[in-house]
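For reference, the structure discussed in these notes is given below.
Values quoted throughout were computed directly from the atomic coordinates according to the rules given, and no laboratory measurement underlies them. Note that the structure is a prediction, hence the values are computed from the model and not measured. Heads up, the Cβs are rebuilt from the backbone with ideal geometry, glycines too, and the neighbour counts pull from every protein chain shown.
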Amino acid sequence: MNLGALQQLLLGQAAPATTSLGRPTVESIGFFFLIVAVTLVITYWAAKRTKTSKEFYAAGRSVSAIQNGFALAGDYMSAASFLGISGMVALKGYDGMIYATGWLVGWPALMFLIAEPLRNLGKFTFADVVAFRLRQKPVRIAAAIGGILTVLTYTIAQMVGSGSLIKLMFGLQYEYAEIIVGVVMLAYVLFGGMIATTWVQIIKAVLLLFGVTVMLILVLAQFGFNPGNLYQAVATKYGQSALEPGALISSPLEAVSLGLALMFGLLGLPHILMRFYTVPDAKAARKSVLYATGFIGYFYIIIPIVGFGSSVLVGRDLITKIDKGGNMASPLVAELLAGTPFLGFIAAVAFATILAVVAGLTLAGASAYSHDIYVNVIKGGHASEEEQVKAAKIATVIFGVMAVLLGILFKGQNVAYMVGLTFAVAASANFPALLLSIIWKRMTTWGAVWSILVGTFVSIGMIVLSPTVWVDVLKNPAPIIPIKNPAIFSMTAAFLVGWVVSLLTPEAEAQDKFEDEKLRTYLGVGAE
Amino acid sequence: MAEAARSNLKEVRANKSAHELLESPDFKALVAKRWSVSLLLLALLFVSYYGYILLIAANKAMVSQKVGEVTTLAIPLGVFVIVFAWILTALYIIWANKSYDPEVERLKGQLKH
């Protein structure tokens, strides 16, 4: 699993060395408390504006395009991107850049295929769109399975990764790190709902972009502001091969399958899709993707330069001595070039990064249960505002506590496959049903249900039988399915099943309602 | 505002003009145009990203050739894939603002009568 390899890197343990990394400094704790204090003040402010379900799930649809652009970037750029990619470039050279491109290219696809229809058709979750003209109960249940599974596996990967990272940077015990992330994040989501979550994500994105920009300038200043000089130094120290693609892409099939999972997985990530309901209309949704793509693209262009800079200035030996996976490459170069205060700042930003992503995931997980299952299946769509908000808050607490417990339960486990699983399930279970329901008139209830179920179970099954789980986790000698990323097969299967089952189970009502749907999809008539 | 649009939709549905609008050549042209623009841009995205991945898989020697003193072709290529992806989203926005939105407003205007 290529994706998994990155996550695996995150799990390496620290070794003592000549740096203040791994023990709490006044600066790092100071910055950390400053960020937490500011975000909690915002949460207090947001709590007073969070009364209705629309405010809780969708920030009252009052988020502007640029704010949502920052928040999308904050929701998406995880600690794995920030620390993992710079570390990978520092240790392995060019291959880290291949990852960086893959993490970006889903955004244009999101814009071209689903951003505007999603905003026009839905209310709080992507299941609103799939269930728009189909029978609510079966579709909502199936969509919630795909949605919750995606959010849960991603949360586990984030929680386990974050516990190790916080331990590396602050020297804080793993379990305490999990509990702190859980408590602070729950405070945001429970009291401030989507309004607080949005602002936490905006603050995190601004801090992260500012932090890496400062690092970029500091690194380039060492090389006369000429990347060519930096590459020259890399080639001198580690050989020309550091600037050439290495072993990451060996099989074209594997590479394309990974690319498909990264690209279309984004279009099935519930916490990302949910953000489109926070803007006033489809036009703002569209604009927010442009901003988000700009911020994220900028981030992925400069983060490899920071990685290369670290490999030259800090050196691979020290980087691997601190953490085998190379995750501390950028914090180390920050400390080297600007001292302990800047390291403290970067460490606090990494912490904020984790908080923002986990808060977004918790809100998405809670909404899949409370909005899709409780309100629309159990209560048949008839729940008062009060009941809806109460259900949302209960689901939030359950999900938050579960995230912490699972984080502790999976301590030290190889959860590399979790990130791969998230993207494969998102691309195979959520995305095909979503796209088909938007564009295809003859899509039916059972077509959607079977597409989601087949996408879910084929992708999970293939990952379990692949080298990532069958060999690396279950310690079998040889994989049953050689391919590490199943998306190319599981996504195709989901589309095919959705198509065939829909043709076999014609649904006149769904076809009739397609007209209403089209007015909303393309003209925004009746959009909430 | 949303409430108003919704009740409006119900009235229109009653006198069938929503149906007429959906069947009108203008609306069909709008939908067709929207998807041809989207799919064209998506095709360009596919060519650049999967082209990049497959080129690396198929011809490492080519992407490893130097374009500067030590800088390999692969480095500007990777940056290009990211920048190009952003340019594609910008192109979509420009098209949507210039031609999709005004047409949507025009058709929505027809719906009210």
Whole-percent pair-distance distribution, where bins are 20 Å wide, for the alpha carbons of the stretch A:32-411: 29, 57, 14, 0
Any chance you could run the full-extension gain for B:LYS33 through B:GLU69? It's 0.36 nm times the residue separation minus the Cα-Cα distance, nm to one decimal. 8.3 nm
Integer Hz, Karplus 6.51/-1.76/1.60 couplings in order for the stretch A:236-244, x for Gly and Pro: 5, 7, 10, x, 4, 4, 5, 9, 10
Run the reach check for A:LYS321 against lysines, Cα to Cα strictly under 24 Å, same-chain hits fewer than 8 apart removed. What comes back? A:LYS92, A:LYS167, A:LYS237, A:LYS411
Fewest first, what order do A:HIS371, A:HIS382 take by the number of other Cβ atoms within 10 Å? A:HIS382, A:HIS371
Here the gain from full extension of A:VAL183 to A:LEU496, 0.36 nm per residue of separation minus their alpha-carbon distance, amounts to 108.4 nm
Find the centroid of the Cα atoms in the stretch A:496-511 and in the stretch A:182-202, then give the distance between the two in whole Å. 40 Å
Residues whose placed amide H lies under 5 Å from that of B:THR72, excluding near-sequence neighbours: B:VAL67
Based on other C-beta atoms within 10 Å, arrange B:SER38, A:SER466, B:SER64 from fewest to most. B:SER64, B:SER38, A:SER466
A:LEU474 and B:LYS108 label points (each 7 Å along its Cα→Cβ direction) are spaced in nm at 5.3 nm
Apply 1/(1 + (r/R0)^6) to the Cβ-Cβ distance of A:ASN229 and A:GLU387, taking R0 = 60 Å, and write down the FRET efficiency to the nearest 0.05. 0.40
Virtual spin-label span in nm between B:ALA43 and A:ILE398, 7 Å along Cα→Cβ: 4.8 nm
Report the Cα centroid-to-centroid distance between the stretch A:406-440 and the stretch B:22-74 in angstrom, as an integer. 25 Å
Between the modelled labels at B:PHE80 and A:ALA37 (7 Å from Cα along Cα→Cβ) the distance in nm is 5.0 nm
The FRET efficiency for B:ASP101 and A:ILE217, from their Cβ-Cβ distance with R0 = 22 Å and rounded to 0.05, is 0.05
Long-range share for the protein assembly as shown, i.e. C-alpha pairs more than 45 Å apart as a percent of all pairs, stands at 15 percent
Whole-Hz ³J(HN,Hα) for each residue in the stretch B:36-44, computed from phi via Karplus 6.51 cos²θ - 1.76 cosθ + 1.60 with θ = phi - 60°, x for glycine and proline: what do you get? 6, 5, 4, 6, 5, 5, 5, 4, 5
Helix-only mean residue ellipticity at 222 nm, chain A, DSSP H runs n ≥ 4 weighted -39,500 (n - 2.57), per residue, nearest 500. What is it? -22500 deg cm²/dmol
Work out from phi, with θ = phi - 60° and the Karplus expression 6.51 cos²θ - 1.76 cosθ + 1.60, the ³J(HN,Hα) of each residue of the stretch A:289-303, listed in order in whole Hz, and give x for Gly and Pro. 5, 4, 4, 4, 4, x, 5, 5, x, 4, 4, 6, 6, 8, 5
Could you pull the Cα extents of the stretch A:243-297 along its three principal axes, largest to smallest, in whole Å? 45, 24, 15
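Sort A:PHE56, A:PHE225 so the one with the fewest other Cβ atoms within 10 Å of its own Cβ comes first.
Going from least to most buried by this count: A:PHE225, A:PHE56.
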